[in-house]
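No lab work stands behind these numbers, since they all come straight from the coordinates. Being a predicted model, the structure only gives us computed values, none of them experimental. Note: ideal-geometry Cβ built from the backbone for every residue, glycine included; neighbour counts use all protein chains shown.
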Amino acid sequence: MTASTRLLEDLRMSALEAGSIRALVEIIRNEIDEAQFNAFVVVSIFMEAFDLDLTQVRELPGAECLGGGAHTDDEINEIVWPHLEQWIESNRRKQQAR
């Protein structure tokens, strides 16, 4: 599944506003058809939106916000958010260079 440009931009804006992984997952949940919503789709969209590779988001399916029991919201933020922060910092540098 390829995410819409609007969804990708919504995720990026939310991340820039210091959202949480749960908040980003909820944006995806609210945007796509319920029948299509699953951990694989969320992982794919995160990878597309933030230019991440699978190793950086491999723990997402274990998040409580995706129905997994392996990671609490705080734990999944600690695992995945640093990778989003790299994207955020890179995006800010690009904006400043313009």
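Observations
- Among the residues of segment 55-77, those that are more than 16 Å from ARG29 (Cβ to Cβ) and over 13 Å from the mean Cα position of the chain (by Cα) comprise THR55, GLY62, GLY69, ALA70, HIS71, THR72, ASP74, GLU75.
- Annotation: of all residues in segment 1-28 being among the acidic types (Asp, Glu) and assigned to a helix (DSSP H, G or I), the one that is surrounded by the most Cβ atoms within 10 Å (Cβ to Cβ) is ASP10.
- Of all residues in segment 58-75, those that are assigned to a helix (DSSP H, G or I) have Cβ atoms under 7 Å from Cβ atoms of residues that are among the aromatic types (Phe, Trp, Tyr) and buried (at least 16 other Cβ atoms within 10 Å of the Cβ), 6 or more apart or on another chain, in LEU60/PHE46.
- Members of segment 29-48 that are within 19 Å of ASP73 (Cβ to Cβ), surrounded by 18 or more Cβ atoms within 10 Å (Cβ to Cβ) and touching a residue at least 24 places away in the same chain (Cβ under 8 Å): VAL42, ILE45, PHE46
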